[in-house]
Amino acid sequence: MSKQEEIREKEVRIRKFLQENELGALLLSKQNNFAWLTAGGDNHVVIASETGVGSILITRDKKKYLIADNIESLRLKEEEELASQGFEVRDYPWYEEERKTDIIRELTSGMKVASDDGFPGTKIVGDKIAELRYSLTEEEMKRYRWVGIKTSEALGQVCGRIRGGDKEEEIAGRLSEELLGQGIVPIVLLVAADERIEKFRHPIPTDKRVNKYAMVVVCGRKWGLIVSLTRFIHFGKIAGALREKHQAVVKVDAAFIANTRPGRAVGDIFAKGVQAYLDNGFSEEWRLHHQGGPTGYAGRDYKAIPEEKRTVQLQQAFAWNPSITGTKSEDTIIALQDKTEIISNTPNWPMLTVEYDGLQWERPDILVI
């Protein structure tokens, strides 16, 4: 499938959505939706903003436009290849921001318009657009596997170089350098040393130095696709209580992964994970942190809960992250027709073999240095 064919397939999904909802046009401005529709295009300038600097307008009558100011339009046309992909460019002077509204009104006169960000005069349909992204194309999966490999390689290399006395912030900086050097943006980067691992589920890096134990968590994004994973390192022999907890949490993770199959309700998968917590002696730990959920163009499209009725789609990505105080297990997976594929395995990392429902799963162990 070529880039043009991938974009065309996504336009078909959008126009079907427009028809079913009696809409005339859809305006996409968020970075993740821009990347999805343009097969990996990038409309960001400010990393911290969900909204990008260029918008795409897709109409029900098979027209498509790029709308951006004159600062951004040239790069989006050339480097993101929108002009060559059939998008008609409508730009305006950067100092006349109100022209964007005028252009959209002109192009959608008489139409009911939806958007992913609540642009004035539009109906916000962000959750519905996320559903259009769930089932990945073959080309998306190829890109996703690349991001998975490179992100996990970088994390493994940085973890292997951690030494006693390193600051959490220094570790975060090294990992950022490795990732950004390959065009992967670390949109989430958590590092904890020693007692901070047990105390905080989301430990942003500080100047605390590592003594015996470290956790590194990253969500790396490229082409809009986000890979999430967590790894631990330990200096010297691992205490029995921590070993017991980690062996239990990887078994819970295996239960989540093994049950993530197309057609299964996410709430039912959640129940299997909760049962695994119970079976392994930590029945209440699931209440202390969310367990993950579907991913792809968002860190999590939504967090799984017991009542969730939505089902796993074919070729949909998930990232489960079960935790037991002091340890966690997390990787990114894709639910294929005949198997569940883990795309963020770290090369040369010590693994634990876990059996679940007659199948064996390899889950990351704690790296002892």
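The values are calculated or read from the model by the stated rules, or taken from the named source; none is laboratory data. What you are looking at is a predicted structure, and each value in this text was computed from that prediction instead of being measured. Every residue, glycine among them, receives a Cβ derived from its backbone with ideal geometry; neighbour counts consider all protein chains shown.
Within region 92-105, is even one residue part of a strand (DSSP E or B), at pLDDT 95 or above and within 29 Å of Trp146 (Cβ to Cβ)? The answer is no; no qualifying residue exists.
Of the residues making up region 69-91, those that are in a strand (DSSP E or B) and either surrounded by fewer than 18 Cβ atoms within 10 Å (Cβ to Cβ) or touching a Ser or Thr at 6+ places or on another chain (Cβ under 7 Å) (or both) are Asp69, Glu88, Val89, Asp91. For region 144-155, indicate whether the set of residues that are touching an Asp or Glu at 6+ places or on another chain (Cβ under 6 Å), at pLDDT 95 or above, outside any loop (DSSP other than H, G, I, E, B) and not assigned by TED's automatic domain parsing to the domain that holds Gly224 is non-empty. Scanning region 144-155, I find no residue that is touching an Asp or Glu at 6+ places or on another chain (Cβ under 6 Å), at pLDDT 95 or above, outside any loop (DSSP other than H, G, I, E, B) and not assigned by TED's automatic domain parsing to the domain that holds Gly224, so the answer is no.
Restrict the check to region 225-236 and report whether at least one residue is of a type outside the set (Gly, Ala, Ser) and in a helix (DSSP H, G or I). Looking through region 225-236, none of the residues is of a type outside the set (Gly, Ala, Ser) and in a helix (DSSP H, G or I).
Taking the criterion of being out of contact with any strand residue (DSSP E or B) (no Cβ under 9 Å at 6 or more places or on another chain) and of a type outside the set (A, V, I, L, M), would at least one residue in region 306-316 satisfy it?
The answer is yes, given that some residue of region 306-316 is out of contact with any strand residue (DSSP E or B) (no Cβ under 9 Å at 6 or more places or on another chain) and of a type outside the set (A, V, I, L, M).
Screening Ser344 on (1) of a type in the set (Gly, Ala, Ser); (2) buried (at least 20 other Cβ atoms within 10 Å of the Cβ); (3) within 20 Å of Tyr277 (Cα to Cα) shows it passes everything except condition (3).
Would you be able to say whether some residue in region 209-223 is in a helix (DSSP H, G or I) and surrounded by 14 or more Cβ atoms within 10 Å (Cβ to Cβ)?
no
When Arg196 is tested against the conditions (1) surrounded by fewer than 21 Cβ atoms within 10 Å (Cβ to Cβ); (2) outside any helix (DSSP H, G or I), the lone failure is (2). For region 291-299, the criterion of a residue being over 30 Å from Ala241 (Cβ atoms) and in contact with a Pro (Cβ under 7 Å, 6 or more places away or on another chain) is satisfied by no position. Here Lys30 meets each of (1) touching an Asp or Glu at 6+ places or on another chain (Cβ under 7 Å); (2) among the charged types (D, E, K, R); (3) over 17 Å from Thr122 (Cβ atoms) with one exception, condition (3). Selection of region 156-189 for residues being of a type in the set (A, V, I, L, M, F, W, C), touching a helix residue (DSSP H, G or I) at 6+ places or on another chain (Cβ under 7 Å) and assigned to a helix (DSSP H, G or I) yields Val158, Ile171, Leu175, Leu179.
Somewhere in region 105-120, is a residue in contact with a Phe, Trp or Tyr (Cβ under 7 Å, 6 or more places away or on another chain) and within 27 Å of Glu20 (Cα to Cα)? The answer is yes, given that some residue of region 105-120 is in contact with a Phe, Trp or Tyr (Cβ under 7 Å, 6 or more places away or on another chain) and within 27 Å of Glu20 (Cα to Cα).
So Phe270 fits all but one of (1) more than 22 Å from Glu362 (Cβ to Cβ); (2) buried (at least 21 other Cβ atoms within 10 Å of the Cβ); (3) within 16 Å of the chain's Cα centre (by Cα); (4) among the aromatic types (Phe, Trp, Tyr); what number is the exception? Phe270 satisfies all of (1) more than 22 Å from Glu362 (Cβ to Cβ); (2) buried (at least 21 other Cβ atoms within 10 Å of the Cβ); (3) within 16 Å of the chain's Cα centre (by Cα); (4) among the aromatic types (Phe, Trp, Tyr) except (3). Can you tell me which residue in region 302-338 is farthest from Trp349 (Cα to Cα), limited to those that are surrounded by fewer than 17 Cβ atoms within 10 Å (Cβ to Cβ) and among the aliphatic types (A, V, I, L, M)? Among those residues, the one meeting the criterion is Ile305.
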